[in-house]
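J.: Structure provided below as structure tokens; questions to follow.
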Amino acid sequence: MKNHRFELGLAAAFLAVFIGALAFWGDWAGGRMSRQEVDDYLVVIDKNLEWPEPMKSYMMQSLKEWGYADDGKEFMMLNMMRYHDELLDYPGAITDFNGTPKESNYAYELGTKDILLPQGGYPVAWGEVNLSRNVARADASAANTDWNRVGFARYPNRRGFFRLMADPEYGRQSAYKLMGAHTNLIPMTPEWVVPDLRLITGMVLLILFFVIGWLRAEARNRA
């Protein structure tokens with residue numbers, strides 16, 4: 001046992017880091033929000049967001065209903081973005097930004113990443129749409145469903161999303177989003193998520209490599 005003291009200590013350290021990661025990304029101490037907690041967040045969010053009407057009222061009502069129905073579980077937020085033809089001008093918009101709508105949306109994504117991660121959230125998949133129209137659209141009744149950018153972000157629970165929107169820096173950065181793109185936000189409960197199979201294959205092969213090496217070393221030591 002003494003000969004493997006370093007390995008045991010390293011394993012204990014790695015295990016502690018792993019448990020810490022589970023606690024942080026899983027937000028074990030979270031739980032459901034009470035209605036009062038939701039209301040308190042909404043007061044802050046309402047002051048924080050300088051959004052035009054009726055967009056702001058619709059968002060606030062949606063947040064209220066969604067927060068009251070909190071189940072305390074993790075969720076994924078589907079983001080569907082369609083760039084404006086030109087920067088949206090509204091009271092509260094950033095007047096000294098001279099980029100394109102696409103660049104404005106990108107400025108939002110870049111500016112909010114440091115707010116998202118501390119809430120236990122992270123992007124799962126994100127990118128530009130590589131076909132300018134909806135492949136599955138069957139008739140004209142589905143007009144205005146073409147998107148330029150789509151992404152999934154994972155949150156440990158709804159509280160994490162409310163904390164994000166209540167952050168003063170998010171209020172400032174969200175102007176870039178509104179100026180650059182029309183966005184649909186659709187929360188969903190993940191029933192199953194498939195990790196990148198290439199990564200899984202590599203991890204399995206790496207584990208097998210070390211197991212086989214360990215077994216061969218043990219066999220040589222016994223010989």
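The values are calculated or read from the model by the stated rules, or taken from the named source; none is laboratory data. Not measured: the values here are computed from a predicted model. Heads up: the accessible areas ignore ligands, DNA and RNA and are worked out on the full protein's heavy atoms, side chains in. Shrake-Rupley method; radii C 1.70, N 1.55, O 1.52, S 1.80 Å.
J.: May I ask you to give the solvent-accessible area per residue for the chain, in square angstrom, as obtained with a 1.4 angstrom probe?
T.: 67 Å²
J.: If you don't mind, there's one more thing I want to ask. Please list TRP147, TRP126, TRP192 in order of solvent-accessible area, largest first, computed with a 1.4 Å probe with all protein chains present.
T.: Sorted descending by solvent-accessible area, the residues read TRP192, TRP126, TRP147.
J.: In whole percent, how big is the carbon plus sulfur part of the accessible area of the chain, probe 1.4 Å, protein atoms only? Could you put the intermediate results ahead of the total?
T.: Working: 9100 of 15020 Å².
About 61 percent, which is the carbon plus sulfur part of the accessible surface.
J.: Using only Cα atoms, find the angle between the long axis of helix 168-180 and the longest principal axis of the chain, and express it within 0 to 90 degrees, rounded to the nearest 10.
T.: With both axes taken from Cα atoms, the answer is about 60 degrees.
J.: While we're looking at this one, here's another question. Mind checking the angle between helix 197-222 and the chain's longest principal axis? C-alpha axes, 0 to 90 degrees, to the nearest 10.
T.: The two axes meet at around 10 degrees.
J.: Also: Which of rounded, prolate, oblate describes region 1-129, given a ≥ b ≥ c as roots of the alpha-carbon gyration tensor eigenvalues and a/c under 1.5 marking rounded, otherwise prolate only if a/b is larger than b/c?
T.: oblate
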